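Engineer: This is the structure, below, for whatever I ask next.
None of the figures in this text is laboratory data; all of them are computed from the coordinates on show. Remember, predicted model here, so these are calculated numbers, not experimental data. When we count neighbours, we look across all protein chains shown, and the Cβ atoms used for this are built from the backbone with ideal geometry, even at glycine.
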Amino acid sequence: MNSVKSYSRVVAMVGLAAVGGGLLACGKKSETAGPANKPVVNGSNGSGGSAAPTKEPAQPATPPAKAASRGAEHPVFSLTDNRLAAHRFCGNSLVVEAGSMGFVKYVRFGNTVRGGKKAWVLGQSQGDIKVAKLSGKTAAMFLPLTAAQKGASVLRIRTFTDAAQSITVKVNGGKDQNLELAAGWVTTEVKADNFKEGENEIILFMGQANASLAWVEVGSDPIASGEGDAAQTLAPGYDGSALSIKSGCGMAWYAMVPDKALLTADLTDGSCELAVTATSEDGKTATGTLKGTGAAVDLAALSGKAARIDIAASGCAVAKVSKAALVVGGDAAKAPARGAAPKYVVLWVMDSLRADRVRPFNPKARPETPNFEKLADDSALFMQTYVQGNESRVSHASIWTSLYPVKHRSIEEKEILDLKWMSVEEVAKKAGQATFGVSSNGYIRPKRGFGDKWDKYVNHIEKSLGLKGADIMKQGIEWIEGKKEPWFLYMGTIDTHVTWRPKSPWIEKYAPGYTGRFAKEYGDDGANAAAGKGEMTDAEKDYVRALYDSNVSYQDDLLGKFIEKLKADGIWDQTMLIITADHGDEQWEAGKVGHGGSVRDMLVHVPLVVHYPPMVKAGLVAEGAESVDIVPTIADALGVEFDKEWQGHSLIGLAGGEGGGYPLLSVSSQYENYHGGRLAHWKMNLGGAGAPKIFNLDADKNEMNDIYGDAKAHIGTRLMLDAMWQYRNWNEQWRKSLWGNAANVSAQFANDVSK
């Protein structure tokens, strides 16, 4: 049977560091607990934990042994820097410190741009105790449990309320469990039989607002010990240089395991040990023990997979753990040698171009793209690039300003991009370049906020000019013809954007003999648009895909002609060429066609090619990139100082190998109502505070089989949740140049957000 118990039990929490918080103690359940189903007011100190500070441990009696050298190696994922992503445990109990900013990975919220309210206010204090406060009367948490943790079926929560009130706890949609709470600090225990391995939803319903939460525990090993208020205290989770882990307790990270990776860490006390258990997404394990300094556990058997990596301390009272990291062999990549800055820069946005229809990004793609393939030989290809919006306006705004939609706020159709943001043509101006822009996308024009530092700009829809790619390229070439002074050219072509019209000779190759109703066009605004919205045969859908593919090849042909022109003018070697798209298009993979309606990969995964051999190393870059990285890359190449508002980072170092092979999170937004994120082969789609959708793209490239809630997908699910909610909570403040990527943060991140 389900039951609820509230009793007076003080948990020692003083001394927890602001960053990461401290692990709560494992120990025997307090013998002074109050009677079941009766609220009991805490002792006179009125706190959520002991007021006595933790004493620093004595110098270790046993000096640490030093492991033999393994040769050159370098870290690619610092467990220490990523400490806010860690999950804490003692014995078979998950311990959640609500006062830590790491609590964000257990919460959800909706569209804050349109007034969505966060249920939790993080980083608060109740007296000298760090807490999270409920912003209203109801809030939910989502806790990942191992098989051992869920088997205990006990939930304990530590709350503070100003006045006596009721509390209702619901676990995984099960029976309401009701209790009357006294004012002050109270520990409430709930027993339930429906905890499960993987994600667990816990909802709190309070009788009144302004409740505070100090900690949560699920498992068989109670975190409080001692008598009454004299609960046992712990060392801080992080003391500024090392993680501190109490004996019998540990930390777990969900991370991707790089190829041939090792887990390393230094322990300053030779009597301390760390038991390492890494469990991959497919159930394989790697285990070992770390002692002394320089020791390592081999994780090579889990290479390329998501894994839960547990470290548990023993042998000493508190293990001090420094330099904890996933490392790979060899020296870290050095900053690439740089030639002269490009004299000329071209940014070409091929509207609606899907990455999977361009052969260098998908060798199995049908469209012939010989010029892309030739360009790939000496260019950097960023193989996993996401746009930040899923349609033209929002996506271009992020490309232009290096800002996520939540910050630039140019989301609704009526909204105009604010000129206060430093945009791409301003960067060119600061570098002393003349600025030219030409587009056939009706939204992308200065009147809608897309730059005010253009020397010449024309929108072909606005001016009723030709809309083919050849028309756009002709205009661009006329402007730069014969100009030897530095210049920047933006070209926006829309041939792969609906309405799709056939391009010869490619349509005859991809759909020979078709004479049906879409022979001339298909799309939103063509003569047959209405017909296209009705029932369509499979043959008609195949032909529409061929229409699209013919335009992919058409734009590739234009690319070849444009490059030949730059070579003929003798300026190709001085030109940086960047080619990308603002989004892709769905083509009935899930019943939809077009864009703006989802965050599926075929819509938000676009090609990104950067060509400038004097500065950008050629090759395939797999780690992950975003459209917000384009402007900082141009600024870096031109020697222009980064704007303090930019949220992207330069890709020049990543192309040079500075990423180290660890995959990075790429994120897209659908008007801030939905978000899509990808990390290696794992994909998550978030719909506000609702249940996420999770996909393994290795097995399900079209995102048809949502495996959220499947215990076998638990590790990939939590890998994505930890990164996505870290991003979602701070995406308006995020600066990748300072904080790194949300899936692999810099040392500065935890310090900044926990101040």
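Engineer: Dividing the convex hull volume of the alpha carbon atoms of the chain by its residue count, what do you get in Å³ per residue?
Structural biologist: Numbers: hull volume 120.1 nm³, N = 755.
Roughly 159 Å³ of hull volume per residue.
Engineer: What distance in nm lies between label points placed 7 Å from Cα along the C-beta direction at Ala301 and Glu197?
Structural biologist: Going by the 7 Å Cα→Cβ label model, 1.8 nm.
Engineer: Any number yet on Rg/Rh for the stretch 344-659, C-alpha, Kirkwood?
Structural biologist: Working: Rg = 18.6 Å, Rh = 19.6 Å.
That ratio is 0.95, to two decimals.
Engineer: Counting pairs of alpha carbon atoms under 8 Å apart in space and at least six apart in sequence, what relative contact order in percent does the chain give? Show your work: numbers first, answer last.
Structural biologist: Numbers: 1984 pairs, mean separation 118.7, N = 755.
Taking the mean separation of contacting Cα pairs over the length of the chain, I get 16 percent.
Engineer: Would you mind getting me the FRET efficiency between Ala568 and Asp356? Use the beta-carbon distance for r and R0 = 35 Å, nearest 0.05.
Structural biologist: On the way: r = 33 Å, r/R0 = 0.93.
Once the sixth-power term is evaluated, E becomes 0.60.
Engineer: Roughly how big is the stretch 344-659's charge dipole about its Cα centre, with Cβ charges of +1 (Lys, Arg) and -1 (Asp, Glu), in debye to the nearest 20? Walk me through the numbers before you get to the answer.
Structural biologist: Details: 38 positive and 48 negative charges, 101 e Å.
Taking the Cα centre of the stretch 344-659 as origin, the dipole is about 480 debye.
Engineer: Once you've got the Cα coordinates, tell me which of Lys414/Lys503; Lys105/Lys170; Lys374/Lys474; Lys105/Lys137 are over 25 Å apart. Before the final figure, lay out the partial values.
Structural biologist: On the way: Lys414/Lys503 33 Å; Lys105/Lys170 20 Å; Lys374/Lys474 22 Å; Lys105/Lys137 20 Å.
In this structure, Lys414/Lys503 exceed 25 Å between Cα atoms.
Engineer: Could you calculate the contour length gain from Asn702 to Lys414, that is, 0.36 nm times the residue separation minus the distance between their Cα atoms, to one decimal place in nm? Before the final figure, lay out each step's value.
Structural biologist: Values: separation 288, 0.36 × 288 = 103.68 nm, distance 3.21 nm.
Net length gain for the segment: 100.5 nm.
Engineer: Just order 182-192, 366-376 by mean Cβ neighbour count inside 10 Å, highest at the front, would you? Don't skip to the answer; put the middle values down first.
Structural biologist: Values: 182-192: 21.3, 366-376: 19.3.
Sorting 182-192, 366-376 by mean packing, highest first, produces 182-192, 366-376.
Engineer: Farthest toward the dipole's positive end in the chain, which of Gly709, Gly91, Tyr671, given Cβ charges of +1 (Lys, Arg) and -1 (Asp, Glu) about the Cα centre?
Structural biologist: Gly91
Engineer: Here's a follow-up. Evaluate the distance, in nm, between pseudo-label points positioned 7 Å from the Cα of Gln208 and of Ser464 along their respective Cα→Cβ axes.
Structural biologist: Inter-label distance under the simple model: 7.0 nm.
Engineer: For each of Met536, Met141, Met684, count neighbouring Cβ atoms within 10 Å of the residue's Cβ, then give the residues from fewest to most.
Structural biologist: Details: Met536 19, Met141 22, Met684 25.
Placing the least packed residue first, the sequence is Met536, Met141, Met684.
Engineer: Straight distance only, please: which lysines reach the Cα of Lys323 with their own Cα at less than 16 Å, same-chain residues fewer than 8 apart left out?
Structural biologist: Excluding near neighbours in sequence, the set is Lys66, Lys291.
Engineer: Rounded to the nearest 20 debye, what is the charge dipole size of the stretch 243-329 about its Cα centre when +1 sits on each Lys and Arg Cβ and -1 on each Asp and Glu Cβ?
Structural biologist: Around 100 debye, computed over the stretch 243-329.
Engineer: What whole number of Å gives the distance from the Cα centroid of the stretch 367-383 to the Cα centroid of the stretch 74-105?
Structural biologist: What the calculation gives is 41 Å, centre to centre.
Engineer: Cα to Cα, under 14 Å, and not fewer than 8 places away if on the same chain: which aspartates and glutamates meet these conditions relative to Lys343?
Structural biologist: Leaving aside aspartates and glutamates fewer than 8 places away in the same chain, those within reach of Lys343 are Glu485, Asp569, Asp573, Asp636.
Engineer: Out of all Cα-Cα pairs in the stretch 243-329, roughly what percent, to the nearest whole number, are more than 22 Å apart?
Structural biologist: Numbers: 763 of 3741 pairs.
So the pairs more than 22 Å apart make up 20 percent of the total in the stretch 243-329.
Engineer: Next question. When the dipole is taken about the Cα centre of the stretch 70-127, and only Lys, Arg (+1) and Asp, Glu (-1) are charged at their Cβ, what size is it in debye, to the nearest 20? Before the final figure, lay out the partial values.
Structural biologist: Numbers: 8 positive and 3 negative charges, 64 e Å.
Its charge dipole is roughly 300 debye.
Engineer: Over the stretch 344-659, what is the relative contact order in percent, taking alpha-carbon pairs closer than 8 angstrom and at least six residues apart? Walk me through the numbers on the way to the answer.
Structural biologist: Details: 661 pairs, mean separation 105.2, N = 316.
That works out to 33 percent.
Engineer: All other residues with a Cβ under 9 Å from the Cβ of Asn702 taken together, and with Lys, Arg as +1 and Asp, Glu as -1, what is their net charge?
Structural biologist: Details: positive: Arg600, Lys701; negative: Glu589, Asp601, Asp700, Glu703.
Its environment carries a net charge of -2.
Engineer: Report the local net charge at Ala618: Lys and Arg +1, Asp and Glu -1, summed over other residues whose C-beta lies under 11 Å from its C-beta.
Structural biologist: Values: positive: Lys617; negative: Asp377, Asp378.
Summing Lys/Arg as +1 and Asp/Glu as -1 gives -1.
Engineer: Here is a further query. Once the cut-off is 22 Å, how many percent of the Cα-Cα pairs in the stretch 663-748 end up in the long-distance tail? Could you put the intermediate results ahead of the total?
Structural biologist: Working: 837 of 3655 pairs.
Distances greater than 22 Å cover 23 percent of the Cα pairs.
Engineer: Sticking with this structure for a sec: Using modelled amide H (1.01 Å from N, peptide plane; none on Pro or chain starts), what sits under 5 Å from the amide H of Val593, excluding residues fewer than 5 places away?
Structural biologist: When sequence neighbours closer than 5 places are left aside, the close amide H contacts are Trp588.
Engineer: Answer rounded, prolate or oblate for the stretch 338-431, using the Cα gyration tensor with square roots of eigenvalues a ≥ b ≥ c: rounded when a/c is under 1.5, else prolate when a/b is larger than b/c, else oblate.
Structural biologist: Details: a/c = 2.78, a/b = 1.35, b/c = 2.06.
Oblate, since a/c reaches 1.5 and b/c is not below a/b.
Engineer: Rounded to the nearest 500, what is the 222 nm mean residue ellipticity of the chain from helices alone, with -39500 (n - 2.57) per DSSP H run of 4+ residues and division by all residues? List each step's numbers first, then the result.
Structural biologist: Values: 15 runs with 131 residues, N = 755.
Helix-only estimate at 222 nm: -5000 deg cm²/dmol.
Engineer: How high is the relative contact order of the stretch 243-329? Use alpha-carbon pairs under 8 Å, at least six apart in sequence, and give a whole percent.
Structural biologist: Details: 246 pairs, mean separation 41.6, N = 87.
With pairs under 8 Å counted, the relative contact order is 48 percent.
Engineer: What's the FRET efficiency of Asp162 with Ala140 using the Cβ-Cβ distance as r and R₀ = 35 Å, to the nearest 0.05?
Structural biologist: On the way: r = 22 Å, r/R0 = 0.63.
Step by step, r from the Cβ atoms, then E = 0.95.
Engineer: In addition: When the chain is fully extended, how far beyond the present Cα-Cα distance does Ala335 get from Asp710, taking 0.36 nm per residue of separation?
Structural biologist: On the way: separation 375, 0.36 × 375 = 135.00 nm, distance 4.26 nm.
Extending this stretch completely gives an extra 130.7 nm.
Engineer: Using a Cα-Cα cut-off of under 16 Å, which aspartates and glutamates could be cross-linked to Lys191, ignoring same-chain neighbours fewer than 8 residues away?
Structural biologist: Once the sequence-local aspartates and glutamates are set aside, what remains near Lys191 is Asp176, Glu201, Glu217, Asp221.
Engineer: Follow-up. Could you give the length gained on full extension between Lys541 and Glu589, defined as 0.36 nm per residue of separation minus the Cα-Cα distance, in nm?
Structural biologist: Values: separation 48, 0.36 × 48 = 17.28 nm, distance 1.07 nm.
So the chain would gain 16.2 nm between Lys541 and Glu589.
Engineer: By count of other Cβ within 10 Å, fewest leading, how are Ile472, Ile416 ordered?
Structural biologist: On the way: Ile472 25, Ile416 12.
The most exposed by this proxy come first: Ile416, Ile472.
Engineer: Another question, then. Efficiency by 1/(1 + (r/R0)^6): what FRET value for Lys561 and Ala67, r their Cβ-Cβ distance, R0 = 60 Å, to the nearest 0.05?
Structural biologist: Values: r = 59 Å, r/R0 = 0.99.
Once rounded, the FRET efficiency stands at 0.50.
Engineer: Okay, next question. Roughly what % of DSSP beta bridges within the stretch 344-659 run antiparallel, to the nearest 5? Intermediate values should be presented prior to the final figure.
Structural biologist: On the way: 11 of 39 bridges.
Restricted to the stretch 344-659, the bridges split so that about 30 percent are antiparallel.
Engineer: Give the residue from Ala307, Ala163, Met720 lying farthest towards the positive end of the charge dipole for the chain; charges sit on Cβ (+1 for Lys and Arg, -1 for Asp and Glu) and the dipole is referred to the Cα centre.
Structural biologist: Final value for the positive-end residue is Ala163.
Engineer: Could I ask something else about it? Is the stretch 390-503 best put as rounded, prolate or oblate by its Cα gyration tensor, with a ≥ b ≥ c the root eigenvalues, rounded for a/c under 1.5, and otherwise prolate when a/b is larger than b/c, oblate when not?
Structural biologist: Working: a/c = 2.10, a/b = 1.07, b/c = 1.98.
It comes out oblate by the Cα gyration axes.
Engineer: If you line up the Cα atoms of the stretch 458-504 on their principal axes, what length do they span on each, largest first, in Å?
Structural biologist: 38, 25, 13
Engineer: Using every Cα-Cα pair within the stretch 66-201, state what percent have a distance larger than 19 Å.
Structural biologist: Working: 5611 of 9180 pairs.
Cα-Cα pairs in the stretch 66-201 separated by more than 19 Å: 61 percent.
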